[in-house]
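Undergrad: Before I ask anything, here is the structure I am working with.
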Amino acid sequence: MRRFITRGAREELCAEIKAESCGMVIFGASGDLARRKLLPALFELFRRQLLPANFFILGGARTEMDDDAFRRSVRESLAEAGSDSELEEFSGFCHYIAGSYEQPVLYEALKSRLAELEAGCLTGGNRIYYLATPPVLYPVITEGLGRAGLTSDAAGGWSRVVVEKPFGRDLVSARELDRALLRYLTEQQIYRIDHYLGKETVQNIMILRFANTIFEPVWNRQYIDHVQITVAETLGVENRAGYYDQTGALRDMFQNHMLEMLSLVAMEPPASFDGDRHRDEKVKLLRAIRPYSPWDMDQFLVRGQYAQNSDKNLPAYRQEPGIKSDSTTETYAAMQVMVDNWRWRGVPFYLRSGKRLARKVSEIAIAFKPVPHSMFAGLMPENLLSNVLVLAIQPEEGIALSMETKRPGPHMCMSSLNLQFSYRDVFGERSGNAYERLLLDCMAGDQTLFVRRDGAEVAWNVLDPILQQWQEETGSLCFYPAGAAGPEQAEALLAKDGRAWR
Ligand code: NDP
C-alpha cells in the first residue's frame, strides 16, 4: 500500500503558536530570573513578532521605581540583545508598580493599574501573573491576588499564574503549596514551569520516539541495556549560595529536570499530544519507579560535595561566600533508578547531576545491548561496541548514534563512528530559548509542557525517603575535587554492574 505524506496536516502542526492578547505581571521584576531569563525571552519574542499585538508587561517588586526607571533598567539589561530603536520600542511595553507583597494595598493599586493598562492596550482582561520571587511568597501573592478578585476568570478575560521551581521542599510542603494555590486558582490556571521542558531536544524526544517507527520496537528491556541521564555544570553556586545551601542537588535538579527527562524517555506512548494525555503517561511512569529501602540506599545512591582542587585555584563548596563551613548540602547526586513495569523490568537508569564538574554537558544516552552472537573470529559480542543513541541537550543540541562500521581496505577491520545531527547545522537558525517557548505556550493556554500537580507530587514521593535518610545520616556525604568528573563512588555505582559512565 502506498502512503502519501499529508502535507496539510504537517503544516497545521507546525503553525506558529498563537499567543492571545494579554498583560503579564512579573512579581520579582527586579530579580535575577526576570533580568537574565524572562525579559530577554520576551524581548526575543517581540523581535520575532511572536508577541500578541495587544500586550503589556507590568513589573512588580518592593524596590521603589517609576515606569521610566524600570524602562531604563530593562534597556540596560538587554543592551547587548538588540538595536537602540528595538529596545526603545520594547521598553514602551513595560510598566512598573512597587509595593509590599504582604499589604492588601498593593493588590488594590494593582487592580486599578491593570484596569488602566487594559483599557489602553486592549488586552481584554487577560492576565498572566509570573511569580519570580522567593518561593515563600507564592502563597502570599496568590492570596493577595485572590482576595482582591484578581484571579477570577469571570471578569471577561482569563487569569493564569506561572509558578517557578522549587515546588515545595518535600511532599508535605508541595501539598501545602498546592492547597494554598488552589484556594484561589484552578489547576487549569496554574503553570508550573520547568524550563528543561521548553528545550528543543527535550521536546524532540517525543518526535523521535513517537513519529518514527524504527525506535519503538527496540525501546524496551529486550534491546536496551541501560540509560544514562547527565546534567553536569562547571560553575559552582555563584550568587545563589543562600538558596542553594538550603536546597542541594536533589531538590534543585532531580525533583524537576532529571525526573522529567526520565519520564519522557521511558513513558508509554500517549494517545495524543494533548496536555493531559501526555502528562498522564509521565505520571504513570514516575509511579512505577521502585522505592529505595533504607538498607539499600547506599548501593544505589551517591551524595557528593565539591572540595578544593589540588591546584587550590577552585574553592571547596564550604569555602564559598554565604555557605556554612560545615554544610552537608550535596552539590552532586547520582542514582540508579529501576522502573518496575513490563517495558523496563531489569533496565537500570543511571542519573547524575552536579556542580563544579570537569565539563558542562546535559545529555541522555541510551545504551543498547551487544549483539547476541559475533561471527567475527576472535571477537566476542562484548568486544563489539554497543550502539549508543545520545540525545544532546547542552551545550549543543543534537542527536548522535554510535555504530560499528567497516574501515576501507582488504581486511575486515572495524571502526566505531557516530552518525550525528546538530540542530544548528541542519536548521541553521538559532533554536528558541526554552523560556520563549514556554511563555508563548502560557499566552496560548497550552499546559502540555508545564508540570501538573500530581507530577510534582509523585516526584517528591520518589525523593522524600532519600532526603529524610540523608538528613539523618550525614556520613554518606563523599567529596570530589572541584573541576573533577565527580566522586569516585559515582564510578562505582556503574562499575558494580560492569558498566561505566560515558
Ligand atoms: P531573587 O532572589 O533575585 O529574588 C527576586 C526578587 O524578589 C528580588 O529582586 C526582590 O525584589 C524580591 N525579594 C527577594 N527577597 C525577598 C523577600 N524576602 N521578600 C520580598 N521580596 C523579596 O530570585 P530569582 O530571580 O533568582 O528567582 C526567582 C524565583 O525563580 C525563585 O523562586 C527561584 O527559585 C526561581 N528560579 C530562579 C532561577 C534563576 O536562574 N534565577 C532559575 C529557576 C528558578 P525587591 O527587593 O525589589 O522586592
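The values are calculated or read from the model by the stated rules, or taken from the named source; none is laboratory data. Computed from a prediction, not measured in an experiment: that's the story for all the values here. So basically every Cβ, Gly included, is an ideal-geometry build from the backbone, and we count neighbours across all protein chains shown.
Undergrad: For residues in the stretch 62-72 being at pLDDT 95 or above and crowded, with 16+ Cβ neighbours inside 10 Å, which is farthest from Glu102 (Cα to Cα)?
TA: Arg71
Undergrad: Give me the residue from the stretch 90-106 that is in contact (Cβ under 8 Å) with a residue 40 or more places away in the chain, assigned to a helix (DSSP H, G or I) and more than 15 Å from the ligand (Cβ to nearest atom) and, out of that set, farthest from Phe55 (Cα to Cα).
TA: In this case the residue turns out to be Pro104.
Undergrad: Right, another one. If I ask for residues that are outside any loop (DSSP other than H, G, I, E, B) and either farther than 26 Å from Pro135 by Cβ or away from the ligand (no atom under 15 Å from the Cβ) (or both), which ones from the stretch 43-66 would you list?
TA: Phe43, Glu44, Leu45, Phe46, Arg47, Phe55, Phe56, Ile57
Undergrad: Go through Leu264, Leu286 for me and flag whichever is part of a helix (DSSP H, G or I) and either small (Gly, Ala, Ser) or in contact with a Ser or Thr (Cβ under 7 Å, 6 or more places away or on another chain) (or both).
TA: When all the criteria are applied, what remains is Leu286.
Undergrad: Could you say which residue among Val74, Val25 is touching a strand residue (DSSP E or B) at 6+ places or on another chain (Cβ under 8 Å) and either of a type in the set (S, T, N, Q) or not in a strand (DSSP E or B) (or both)?
TA: Val74
Undergrad: Would you check if Phe427 is within 27 Å of Gln203 (Cβ to Cβ), free of Cβ contacts under 8 Å to residues at least 24 places away in the same chain and among the hydrophobic types (A, V, I, L, M, F, W, C)?
TA: Answer is yes for this residue.
Undergrad: Mind listing just one residue for me: the one in the stretch 20-42 that is buried (at least 23 other Cβ atoms within 10 Å of the Cβ) and more than 12 Å from the ligand (Cβ to nearest atom) and, of those, farthest from Val161 (Cα to Cα)?
TA: Leu42
Undergrad: When the residues of the stretch 184-228 are narrowed to those that are within 16 Å of the ligand (Cβ to nearest atom) and either charged (D, E, K, R) or in a strand (DSSP E or B) (or both), which ends up surrounded by the fewest Cβ atoms within 10 Å (Cβ to Cβ)?
TA: Ile190
Undergrad: Another question, then. Does Pro139 satisfy the condition of being within 16 Å of the ligand (Cβ to nearest atom), at pLDDT below 95 and not in a strand (DSSP E or B)?
TA: In short, no.
Undergrad: Evaluate the following for Gly144: is it among the small types (Gly, Ala, Ser), out of contact with any His (no Cβ under 7 Å at 6 or more places or on another chain), part of a helix (DSSP H, G or I) and within 16 Å of the ligand (Cβ to nearest atom)?
TA: For Gly144, the condition - among the small types (Gly, Ala, Ser), out of contact with any His (no Cβ under 7 Å at 6 or more places or on another chain), part of a helix (DSSP H, G or I) and within 16 Å of the ligand (Cβ to nearest atom) - is met.
Undergrad: Moving to a separate point now. Check the stretch 109-129 and report whether any residue there is part of a strand (DSSP E or B), away from the ligand (no atom under 16 Å from the Cβ), touching a residue at least 40 places away in the same chain (Cβ under 8 Å) and among the basic types (Lys, Arg).
TA: yes
Undergrad: On the given criteria, is Arg175 more than 16 Å from the ligand (Cβ to nearest atom) and closer than 28 Å to Met443 by Cα?
TA: yes
Undergrad: Every residue in the stretch 229-250 that is within 11 Å of the ligand (Cβ to nearest atom) and crowded, with 21+ Cβ neighbours inside 10 Å, please.
TA: The answer is Tyr244, and nothing else.
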